[in-house]
Amino acid sequence: ASVRNRSELDPNSLIIGLTLPRYELYRRIDNRVDTMLEAGWLQELQCLLDNGYSTNIAAMSSVGYRELALYMQGELSWKEAVHRIKASTHRLARNQYTWFSLRDSRIHWFEASASVSAQVISLICQASLRGAEDN
C-alpha cells in the first residue's frame with residue numbers, strides 16, 4: 001500500500017522513516033555510486049548486453065544503467081556518465097522526501113546514524129507489545 005493513500009494503509013501499521021541532512025545523504029549516494037562502479041557495475045551491464053538484453057527494456061532505463069549504456073555507446077564521457085548517475089540519484093532521493101513527507105505524522109522518523117538500530121528496535125518492540133495487548 002502506498003503511504004500516500006491513507007485508505008489502503010492498515011491503521012495499526014508501524015511506519016519507520018530514515019532521514020539524513022541533505023549534504024550527508026548526497027555524500028553517501030556519491031560514495032555508493034563510486035563503490036558500485038569499482039565493484040564492476042559497467043562489467044555487469046556489458047555482461048547483460050552480451051547475453052542479449054537490450055538497452056530498450058524497462059530495467060535498463062533505471063538510474064545508472066541508462067547513463068552507463070550511453071557511455072558504452074560513446075555518447076557520454078566517463079566523467080559525464082558518473083556525474084549524471086549521481087545527479088539522477090540525488091533527484092530520486094529528493095523525490096522520496098516528497099513522497100514520504102517529514103510532516104506525515106504516521107511516519108516515525110529517525111536520523112540514520114550508528115545508534116538508530118537500537119531506537120528502531122525499541123519502537124518495534126513497543127508496537128508489538130501494544131498489538132499483543134489489543135488481541
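The values are calculated or read from the model by the stated rules, or taken from the named source; none is laboratory data. Bear in mind that the values here come from a model prediction, so they are computed numbers and not experimental data. Using ideal geometry, Cβ is built from the backbone for each residue, glycine included, and neighbour counts are taken over all protein chains shown. Quick note on the areas: whole protein, heavy atoms, side chains included, nothing else; ligands and nucleic acids left out. Shrake-Rupley method; radii C 1.70, N 1.55, O 1.52, S 1.80 Å.
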Identity of the residue in region 62-112, among the acidic types (Asp, Glu) and closer than 21 Å to Arg27 by Cα, that ends up nearest to the chain's Cα centre (by Cα)
Glu111
In region 110-135, the residues that are in contact (Cβ under 8 Å) with a residue 12 or more places away in the chain, within 18 Å of Pro21 (Cα to Cα) and either open to solvent by 70 Å² or more (accessible area, probe 1.4 Å) or in contact with a Lys or Arg (Cβ under 7 Å, 6 or more places away or on another chain) (or both)
Glu111
Can you tell which of Arg84, Arg91 is touching a helix residue (DSSP H, G or I) at 6+ places or on another chain (Cβ under 9 Å) and not hydrophobic (A, V, I, L, M, F, W, C)?
Arg84
Within region 13-23, is even one residue at pLDDT below 95, open to solvent by less than 50 Å² (accessible area, probe 1.4 Å) and either small (Gly, Ala, Ser) or more than 28 Å from Cys125 (Cα to Cα) (or both)?
yes
Quick count over region 61-97, residues being open to solvent by 30 Å² or more (accessible area, probe 1.4 Å), among the hydrophobic types (A, V, I, L, M, F, W, C) and within 16 Å of Tyr23 (Cα to Cα), is 2
